[in-house]
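There's a structure below that I have some questions on.
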Amino acid sequence: MSNSNNNGMWPRSLDGVSNDVRLALRMVRRSPGLTATIALTLALGIGANAAIFGVINSLLLRPLPVADPSRLVTISSDSAIARGQAGVPWNFAMWEELQAHASLFDGAFAWTPARFDLAERGERQPVAGIFASGGYFAALGVGAIRGRTFTPNDDRAGGGADGAVAVISYRLWQRRFGAADSVIGAPLVVDGARVTIVGVTAPEFRGLDVGSAFDVALPLETEPLIRSSRSALRTSRLLVMLRLKPGQSVEAGTATLRGLQLGSTPTSKEQFTLAPAATGASLPVRGPYGLRQSYARPLLTILIVALLVLLIACVNIANLLLARATARRYELGVRLALGASRGRLARQLLIESLVFAVLGAIGGLIIGQWTSQTLVAQLSTPVQQITLDLSFDWRVMAFTAAVALVTASIFGTVPAFRSTRIAPLDVLKVRGQADSSSAAGTRGLASVSSGLVILQIALSLALVICAALLVRSFARLSSVPLGFDPDRVLVVNVDTERVRTDAAGRMRLFDRILDAVRGVPGVAHAGGSIWTPVDGGTRMGDSQDRIAFNFITPGWFAAYGTALRAGRDFTESDTAGSPPVVIVNNAFVRTFMPRTSPVGETIPHPRSRPEVQRTIVGVVDDAVFESQREGIQSIVYLPVAQSGGGPSGGTAISLGVRPTVGAPMRLGPSVGAAVRGVDPDVSFSFVLLEDHVQASVRQERLVAMLSGFFGALAVVIAALGLYGVTSYTVNRRVTEIGIRRALGAQRGHVLRLVLGHSVTLTAVGIALGLAGAAAVTRALSALLFGLTPLDATTFTGVAVLFAIVSTLASLLPAHRATRVDPLVALRNE
């Protein structure tokens, strides 16, 4: 039968739900303070989860911004896939061979990441870029919003009909050219060479390297024009992708590729294997894949922490709703007496909880959007800018909706069903009073509330232990002795690519630049090197006896503040024609020469002919070479002048400049002028060594910062929960306390009575929390540094912290209990 109110068009069950929703909205409006508290708590908790999931979605889940990404595959191998690597590098000859068979697929393209300088001369204007094959954009189905993309006709030696061309990003078009349509056909200087802009990509296409956006794309074959003095096109490490034909499976594509028997396989024993690239799995090792590999585990860990905080908040909200249900016992009793079923009342209360969750989800989406941008800003550093698409999509919306629904069921179920287990006649008979039946029902709610507090304390303690481990781990990592002074060093990255000279002339140019920088007023020390500290470099040997190598100039140790302990520094006489020399660090001596005086001894250098021996002329303090997490390694330093051109091809060097006084960056203008004065074609850029060091621990800093914030939030929520249940207990036992006081109980006795209840709850919660933490902290071992997952100091300290916080949270209501007037309490009874 239809309900008369809806003219037979609205099912009775839906009409009842509609009435419940309207009633829930009225109840929410009637309690603005409670509504604001619950909605804000949920908005913060859901917003934190939405923000972290948004970053995870953008980094790991969002499909590539191309046409039909499900048919894109990257060429890999079985072992690379097993290692979690996205692809294997190809050389140019293999790529050319594959192009001849591209008709077997629906497209094939190759690319490699690059860094370009858009300055005509002087200080660099670095941008991210790519060299890509002519079919790159067509195979991806990516067009241009202005002009056109380049084609195979542009991908020729010397350029196509329009010469050397470039496609620029929407971001660069906006920033550098003011979004002017005249950009098409305009010239652009790239690494000193002029190219013609032929197109602008859409804003949503940032390239295939998730986390980094390209600004300039150039055809592969134009690379010799851009880098004529050190073109590496024929030996470049290219990443190759294919587009499968409609209906062509990954397995069939793999079989087709293997049947071609292209050149040599990526390893001597393996064949090619195609891997789907729909979610950005095609990231190269140095680019997006490295970002995914670095942040996948930390972000998932933080997401779990955020979910735990939200769960703790839900327990706290459940306690609030239980207290609210106690105040509504008369209302609920009247509705039961008038014929409402317990199920109908429970549904009504659950719908009210769902309204709270919806309000929290709306606020959470707003907070999440802002917070996710803040998170990405924390991932970025002056050394590396991270770019992610953080726009809402169905995954973020579905995740937020699911979290809201689950939270509503968590904090709404227990209060809804417990508060409907009342006897309506008893409630009506003793409205506002406490007979045995009513008191028993109240005690039942109190016991549930106490259980929720125990659960809240246990979850909070386990979470805070995990957070404390991560924060302490970052503190230990940050306190690792670096072996150099990062606070007062300006790093000048000098590139002489545009200078037309031979290797010997380039070495002389380095010397002249270094002499000019040393002569700048305010410069105390300056020295050059191929690699800067915490930047890595060449390493040889096994994992236990690995040796790191760096090529430096005289004065480098003084510039970076690394002490010389024995022997001498390099001098200007250590040239290519002089006897080969090296300087080693203390770790090298401890490992390989523990019983001898190293100065004057000779060692072979693996990069040279076996018969070439290098004399140790000095020993310096240990210094971090690759990262703080890697610790101290054995390091061998060699003179740049004896590097034979250096591992970088001999075109670039980094200068460490230490000022006499003041901030290092103040030297930038004068140092830049000195470099330009030596040769105006030299390009350069500045970075503070401190920023470089901070960038090396950005992952650990982000994890520590977020886990510390969530841990502190968990402590506050747990304290509020214990305060709330203690206050509720005091209010419920006012009559009992008044009787005790009338019979002669002292205030101290009442204080112990109230505190004893909270201490019991806290003790049980701490015990459960310690057991839970011992079970889950093992999963954090890969993120810890210098600590074990079961670190006794952390466990003990957090347990003591919770004992103190719980005592403080209970003192105010306990003190209020001691001030109960027996006459007033008995009169109210």
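What number comes out for the charge environment of Gln378, summing +1 per Lys or Arg and -1 per Asp or Glu over other residues with Cβ under 9 Å away?
Charge balance near Gln378 sits at +2.
Once phi is turned into ³J(HN,Hα) by the Karplus curve 6.51 cos²θ - 1.76 cosθ + 1.60 with θ = phi - 60°, what whole-Hz value does each residue of the stretch 398-407 show in order, with x for glycine and proline?
Per residue, the Karplus-derived 3J(HN,Hα) values read 5, 4, 5, 5, 5, 5, 4, 5, 5, 5 Hz.
List the residues, sorted by chain then number, that are 5 or more residues from Phe551 or on another chain and whose placed amide H is less than 5 Å from its amide H.
Ile530, Trp531, Leu638
Shifting gears a bit: Restricting the calculation to Cα positions, tell me the Rg (one decimal) and the Dmax (whole number) of the stretch 29-167 in Å.
23.1, 76
Projected area of the stretch 627-724, taken from the Cα convex hull and averaged over every viewing direction, in nm²?
Projected over every direction and averaged, the Cα hull of the stretch 627-724 covers 11.6 nm².
Another question about this same structure. Just grab the label-to-label distance for Glu601 and Ser249, each label 7 Å out from Cα along the Cβ direction, in nm (one decimal).
Modelled inter-label distance: 6.1 nm.
For Arg121 and Ser479, compute 0.36 nm times the residue count separating them, minus their Cα-Cα distance, and round to one decimal in nm.
Contour length minus the Cα-Cα distance gives 124.9 nm.
As a test of understanding, state the convex hull volume per residue of the stretch 462-575 from its alpha carbons, in Å³.
Here the figure is 193 Å³ per residue.
Quick one: check the C-alpha center-to-center distance for the stretch 449-484 versus the stretch 781-823, whole angstrom.
Cα centroid to Cα centroid, the span is 13 Å.
Obtain the nm distance between the two label points defined at Arg629 and Thr37 by a simple spin-label model: each point lies 7 Å from its Cα along the Cα-to-C-beta direction.
The answer from the label model is 4.2 nm.
Rounded to whole Å and sorted largest first, what semi-axes of the equivalent ellipsoid does the C-alpha gyration tensor of the stretch 358-419 yield via the square root of 5 times each eigenvalue?
Three semi-axes, in Å: 34, 12, 9.
Please list, in chain and number order, the residues 5+ apart from Thr387 or on another chain whose amide H is under 5 Å from its amide H, with Hs placed from the backbone.
Hits under the 5 Å cutoff: Gly211, Ser212, Ala213.
Which residues' amide hydrogens lie under 5 Å from the amide hydrogen of Val165, considering only partners 5 or more residues apart or on another chain, with H built in the peptide plane?
Result for Val165 returns Gly160, Thr196.
For the stretch 678-807, just the Cα atoms, rotate onto the principal axes and tell me the three extents in Å, largest first.
Taking max minus min along each principal axis of the Cα atoms, the stretch 678-807 gives 97, 32, 19 Å.
May I ask for the distance between the Cα centers of the stretch 142-212 and the stretch 371-413, given as a whole number of Å?
Cα centroid to Cα centroid, the span is 32 Å.
Further question on the same structure: Given a Förster distance of 51 Å, report the FRET efficiency between Leu564 and Gln373 from their Cβ-Cβ distance, rounded to the nearest 0.05.
It comes to 0.65.
For the stretch 123-230, what class follows from the C-alpha gyration tensor (a ≥ b ≥ c being the square roots of its eigenvalues): rounded when a/c is under 1.5, otherwise prolate if a/b is larger than b/c, else oblate?
rounded
Provide the gained length on full extension for the span Ile804 to Arg156, in nm with one decimal, where the gain is 0.36 nm per separating residue minus the Cα-Cα distance.
Between Ile804 and Arg156, full extension yields 226.0 nm more.
Could the peptides 47-56, 253-262 be put in order, highest first, of the mean number of other beta-carbon atoms found within 10 Å of their residues?
Taking the mean over residues of other Cβ atoms within 10 Å, the ranking is 47-56, 253-262.
On the accessible surface of the stretch 350-419, probed at 1.4 Å, how many percent belong to carbon and sulfur atoms?
75
Still on this structure: Which whole-Hz couplings ³J(HN,Hα) result when phi for each residue of the stretch 451-465 is put into the Karplus expression 6.51 cos²θ - 1.76 cosθ + 1.60, θ = phi - 60°, listed in order with x for Gly and Pro?
x, 5, 5, 4, 4, 4, 5, 4, 5, 5, 5, 4, 5, 5, 4
Listed highest first by mean packing, meaning other Cβ atoms within 10 Å per residue, what order do 518-526, 547-555 come in?
With the highest mean Cβ count within 10 Å placed first, the list reads 547-555, 518-526.
What ³J(HN,Hα) values, in whole Hz, does the Karplus curve 6.51 cos²θ - 1.76 cosθ + 1.60 give for the stretch 179-189 when θ = phi - 60°, with x put for Gly and Pro?
6, 7, 5, 5, 5, 5, x, 6, x, 9, 8
When ranked by the protection proxy of mean other Cβ atoms within 10 Å per residue, highest first, what sequence do the peptides 21-29, 762-770, 143-151 form?
762-770, 143-151, 21-29
Ok, one more. Assuming R0 = 41 Å, can you tell me the calculated FRET efficiency for the pair Ile145 and Asp502, based on Cβ-Cβ distance, to the nearest 0.05?
So the FRET efficiency works out to roughly 0.35.
Two-decimal Rg/Rh of the stretch 109-162 from alpha-carbon positions, Kirkwood Rh?
Taking Rg over the Kirkwood Rh, I get 1.03.
The values are calculated or read from the model by the stated rules, or taken from the named source; none is laboratory data. Given the structure is predicted, the values throughout are model-derived calculations rather than measurements. Here Cβ is always computed from backbone atoms with ideal geometry, including for glycine, and neighbour counts include all displayed protein chains. All accessible areas refer to the heavy atoms of the entire protein, side chains included, with ligands and DNA or RNA removed. Shrake-Rupley method; radii C 1.70, N 1.55, O 1.52, S 1.80 Å.
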